[in-house]
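The values are calculated or read from the model by the stated rules, or taken from the named source; none is laboratory data. Please read these numbers as outputs of a predicted model, since none were measured by experiment. Note: ideal-geometry Cβ built from the backbone for every residue, glycine included; neighbour counts use all protein chains shown.
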Amino acid sequence: MNSASVIITGAAGCLLAAGTTPLLGRLALRWGFTDQPGGHKVHERPIPYLGGMAVMLGTIVPPAVLTGLADERTTAIMIAAMAVALLGLIDDISSLSPLTRLAVEAVAAVGVVVSGVQATVTGSWLDGPITVLWIVVITNSFNLLDNMDGALGTVAAVSAAFLAGMAFVHLQLAIGLLLVALAHASLGFLLHNWAPAKVFMGDAGSLFIGFVIACSAALLVTGHSTGTVIAGLLLPTFVATVDTGVVILSRKRAGRPLLQGGTDHVSHRLLRLGLSTRLTAAILAAVAAVTGTLGLAMALGWISPLIATVAAIGAALILINLPQRVRVYSPVGAPNRPAIIRERRR
């Protein structure tokens, strides 16, 4: 592989996603696969789904054509990710139960682990189930991050780009090309999803993105020490992990069911502080760039895994607690006030 392969993969991924998004959007409108306005939602007309399928096409097709599915582990990730995207598409069309979704995601993750992707956490047989659990959790964390125009697309583009850099440093060329395609496909989709969005990604796209990034991070730390594993898993998924932590903590404190959607994500809290939707998405991308830079520096040997791990865990704990100062819910026992932020609830 040479630089031309990277450029061709990125350009093809971006053009394919950018070109197919409006086509799929028109099909979604014709078939009625739309997010309807009203209630807490900010859009005033039906917004089509299926944008996530464009991201999937832009991510899968270019590296598959260039590499010919030569790498077994990367091929397993691609096949399993397409299954997860199909799961998300079905969920977009007719809502599935959480148990069904988790079961399919777990089966897909098991397929990836069986192919040889396994994070070394305990050094025992438990590492397999732990890796499966982590992939499923992170997949759904990225799904939750798709709560505002441009939020997931920007974070996905930045996170995948830095993961691709880490892959090339470790000479993992096949997964590197897949991540290059994902980064550029996300950018192509953003042309239609940047606020105000014309097309939504839907669960098909958010679950696909989360699954690819989670599995790619796990592949890149396979065979490494525990310290490298922790930092290597947390840094590329930092924004989604922190956002999920913020949501869990705030809902637990408010006595709300964890699976009940709400406007309590990091993005919603930034909006409450007066930031615009576009600036909020840019800030999330900037945080992903900072943690991605730290991960790439670790891969290059510029900083030790211990420093990267301590920095990542410390920053995560601080950033999970800090947004709690922006009040979203009333204390337990007090009447809840209606949310003033009108965005997609997750």
Test for residue 79: is it under 23 Å from the mean Cα position of the chain (by Cα), in a helix (DSSP H, G or I) and more than 25 Å from residue 148 (Cα to Cα): yes
Condition met for residue 259 (among the aliphatic types (A, V, I, L, M), under 20 Å from residue 141 (Cα atoms) and loosely packed, with under 14 Cβ neighbours inside 10 Å): yes
Selected residue [at pLDDT 95 or above, of a type in the set (Val, Ile, Thr) and not in a helix (DSSP H, G or I)] from 117, 55: 117
Within segment 191-216, tally of residues that are touching a Gly at 6+ places or on another chain (Cβ under 7 Å), surrounded by fewer than 24 Cβ atoms within 10 Å (Cβ to Cβ) and in a helix (DSSP H, G or I): 1
Criterion violated by residue 103 - all others in (1) in a loop (DSSP other than H, G, I, E, B); (2) surrounded by fewer than 18 Cβ atoms within 10 Å (Cβ to Cβ) satisfied: (1)
Qualifying residues in segment 123-147 (those that are of a type in the set (Ser, Thr, Tyr) and assigned to a helix (DSSP H, G or I)) - the one nearest to residue 233 (Cα to Cα): 131
Count of residues meeting criterion [at pLDDT below 95, out of contact with any strand residue (DSSP E or B) (no Cβ under 6 Å at 6 or more places or on another chain) and among the hydroxyl-bearing types (Ser, Thr, Tyr)] in segment 1-52: 3
Criterion violated by residue 179 - all others in (1) assigned to a helix (DSSP H, G or I); (2) of a type in the set (A, V, I, L, M); (3) surrounded by fewer than 24 Cβ atoms within 10 Å (Cβ to Cβ) satisfied: (3)
